[in-house]
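In what follows, a single structure is set out as structure tokens and then discussed.
A short reminder: the numbers here are calculations on the coordinates, not readings from a lab. Owing to the predicted nature of the structure, the values given are computational and were not obtained by experimental measurement.
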Amino acid sequence: MSVLRSLESKIAGLVEGTFSRAFKSEVRPVEIARKLAREMDEHTSLSLSRTYVPNEYRIYLSPRDRERFAEFEEALRSELVGYLLEHARREQLTLTSRPVVQFATDDRLRLGEFGIQTRVAAPPPARDDEPEPAPHSGRTMVYSTAGRVAEPLEERARSAHHSALLLMDGKRLVVGPAGVTLGRSRRCDVMVDDANVSRAHAEIRPRGGSWVLSDVGSTNGSRLNGQPVEEPEVLKPGDEIELGTTVLTFELE
């Protein structure tokens, strides 16, 4: 039996068999599992001895599909995590931690459509026999394995010893150690009451000793200091984050 056929058989047994009678939406658990494996395979980071892959996966569903999945969401999440672990083991891929699978709703999706966003929660551990990141523009730079994000080493050192804050409408909002999600939904860590803001709009996460802003597929996009956020951006004190017509100021203390 080929590796692909073996993997598909395992998905059918591990995921689809458990939920085949529970789900009546067009999105099937086996389809999600296959796409998760594909996303893992397509977002690799090579070192001298290992192939690292994302350890966080966010699955976006249409409102109707999310509602139909609700009763079984926790059990499905557990099954998908198990499948990702098995896929990584079979393909000799390295996870920096146990994979995390999250579900979210996107109003723009129709019944039967779903999206997947991947992220590496922490950089691969340094090894003595692997090269350090190369200097850039005369300064040592720290690169994130999750995207094309680079920062000066002095910025990393300064950020690591400060707590992050967001200033919005005269309020001081503390950014927790795991970061925050921002959007119009009450499920977001920072709820932004703005009709021009998507339910899930952006997120701020710790990465490589700094804080990084990412747009999560919002309708109107995010801006940092007046510029569109097209890929993850390292935040600095005083930076202004624009979501719709709302402006938040990033600070460290």
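Residue by residue through segment 248-253, what is 3J(HN,Hα) from phi via Karplus (6.51 cos²θ - 1.76 cosθ + 1.60, θ = phi - 60°)? Round to whole Hz and write x for glycine and proline.
Couplings: 10, 10, 8, 9, 10, 9 Hz.
Per residue of segment 89-105, in order, report the coupling 6.51 cos²θ - 1.76 cosθ + 1.60 (Karplus, θ = phi - 60°) as ³J(HN,Hα) in whole Hz, putting x for Gly and Pro.
5, 5, 8, 6, 9, 10, 9, 6, 6, 4, x, 10, 10, 10, 10, 9, 9
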